[in-house]
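Engineer: Would you mind keeping the following structure in view while I ask a few things?
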Amino acid sequence: MKITKMKNRKPKLIIFTGPSGVGKGTILADFFKVAGENIIYSISSTTRAPREGEKQGVHYFFASKDEFKKMIENDEFLEYALYSDNYYGTNKNFVEENLKKGKSVLLEIELQGALQVMKKCPDAVSIFIKPPTFDELEKRLRGRHTEDETKIQKRLQSAKEELKNIDKFQYVIENDIVENAVNKLLEIFNRETK
Ligand code: 5GP
């Protein structure tokens, strides 16, 4: 799939949601290799502890609960949510500045945040990534060895809720084979920013 330069493109806010473990990160890594010039990944703030290899300001802005609460009070978030005992939020300035510059912005966020953005920004494009089956999701989530059993259970519980809301999204991509899912995402991006 070929993506032309951003001069001719409409900047769009893109909501990218799907249960934990579905493979969003893998899809996005390939997507950004092709589309990276035209779209920017919104780096969220979170109170979750960094995983091994995660860097401050690259994967997330890691913050304490107090710092996060101050940011809420200062109205710094476009949306935020409590997910699996931690806060996650989208930095409003970052999104607005990039859209103003003519760049599309991709938000990789969970369901509650996605629903907030859909309400606030009706022009945003919403995409849900679904697993081939729930068993496969559980297998992938366990296979990455990043959470203990309690956290895995919480994430699986959230996944059930997220999957119930799939119809609220404009586009649904099944992540069966990564390459196919990436191509579908590129097609949507091409179409929506033309
Ligand atoms: P993880 O802890 O695995 O990095 O992320 C957990 C969940 O939080 C994922 O579904 C991820 O998409 C979501 N998430 C990441 N950043 C944000 C954000 O800024 N806002 C919301 N609502 N969810 C986020």
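The values are calculated or read from the model by the stated rules, or taken from the named source; none is laboratory data. Computed from a predicted structure; not experimentally measured. Quick reminder, even Gly has a Cβ in these numbers, built from the backbone with ideal geometry, and neighbours come from all protein chains shown. Accessible surface is based on the protein model in full, side chains and every heavy atom, while ligands, DNA and RNA are left aside. Shrake-Rupley method; radii C 1.70, N 1.55, O 1.52, S 1.80 Å.
Engineer: Which of the residues spanning segment 42-66 are without any contact (Cβ under 8 Å) to a residue 12 or more places away in the chain and either among the hydroxyl-bearing types (Ser, Thr, Tyr) or part of a helix (DSSP H, G or I) (or both)?
Structural biologist: Selection gives Asp66 alone.
Engineer: As an exercise: evaluate Ile129 against (1) β-branched (Val, Ile, Thr); (2) open to solvent by 90 Å² or more (accessible area, probe 1.4 Å); (3) within 16 Å of Lys24 (Cα to Cα) and give the number of the one condition it does not meet.
Structural biologist: Looking at each condition in turn, Ile129 falls short on (2).
Engineer: Consider segment 1-24. How many of its residues are modelled with pLDDT of 90 or more and either in a loop (DSSP other than H, G, I, E, B) or more than 16 Å from the ligand (Cβ to nearest atom) (or both)?
Structural biologist: Number of matching residues: 9.
Engineer: Can you tell me how many residues in segment 143-159 are touching a residue at least 12 places away in the same chain (Cβ under 8 Å) and open to solvent by 70 Å² or more (accessible area, probe 1.4 Å)?
Structural biologist: Number satisfying all stated conditions: 3.
Engineer: Please determine, by comparing only the residues of segment 38-90 that are among the acidic types (Asp, Glu) and surrounded by 17 or more Cβ atoms within 10 Å (Cβ to Cβ), which one is nearest to the ligand (Cβ to nearest atom).
Structural biologist: By that ranking, first place goes to Glu79.
Engineer: So which residues in segment 25-37 are within 11 Å of the ligand (Cβ to nearest atom) and either open to solvent by 20 Å² or more (accessible area, probe 1.4 Å) or without any contact (Cβ under 8 Å) to a residue 24 or more places away in the chain (or both), if there are any at all?
Structural biologist: If the condition is that a residue be within 11 Å of the ligand (Cβ to nearest atom) and either open to solvent by 20 Å² or more (accessible area, probe 1.4 Å) or without any contact (Cβ under 8 Å) to a residue 24 or more places away in the chain (or both), then Gly25 is the only one that fits.
Engineer: Then there's this: Give me the pairs: first residue in segment 167-190 and under 15 Å from Ile39 (Cβ atoms), second residue assigned to a helix (DSSP H, G or I) and among the small types (Gly, Ala, Ser), beta-carbon distance under 8 Å, and six or more apart or on different chains, which are they?
Structural biologist: What qualifies is Leu186/Ala35; Phe189/Ala35.
Engineer: Taking Asn93, is it within 15 Å of the ligand (Cβ to nearest atom), of a type in the set (S, T, N, Q), modelled with pLDDT of 95 or more and in contact with a Ser or Thr (Cβ under 7 Å, 6 or more places away or on another chain)?
Structural biologist: no
Engineer: Quick check, is Ser104 within 16 Å of the ligand (Cβ to nearest atom), small (Gly, Ala, Ser) and open to solvent by less than 50 Å² (accessible area, probe 1.4 Å)?
Structural biologist: no
Engineer: Related question: Consider Lys120 carefully, then state whether it is within 19 Å of Tyr60 (Cβ to Cβ) and surrounded by fewer than 16 Cβ atoms within 10 Å (Cβ to Cβ).
Structural biologist: Spelling it out, it is not the case that Lys120 is within 19 Å of Tyr60 (Cβ to Cβ) and surrounded by fewer than 16 Cβ atoms within 10 Å (Cβ to Cβ).
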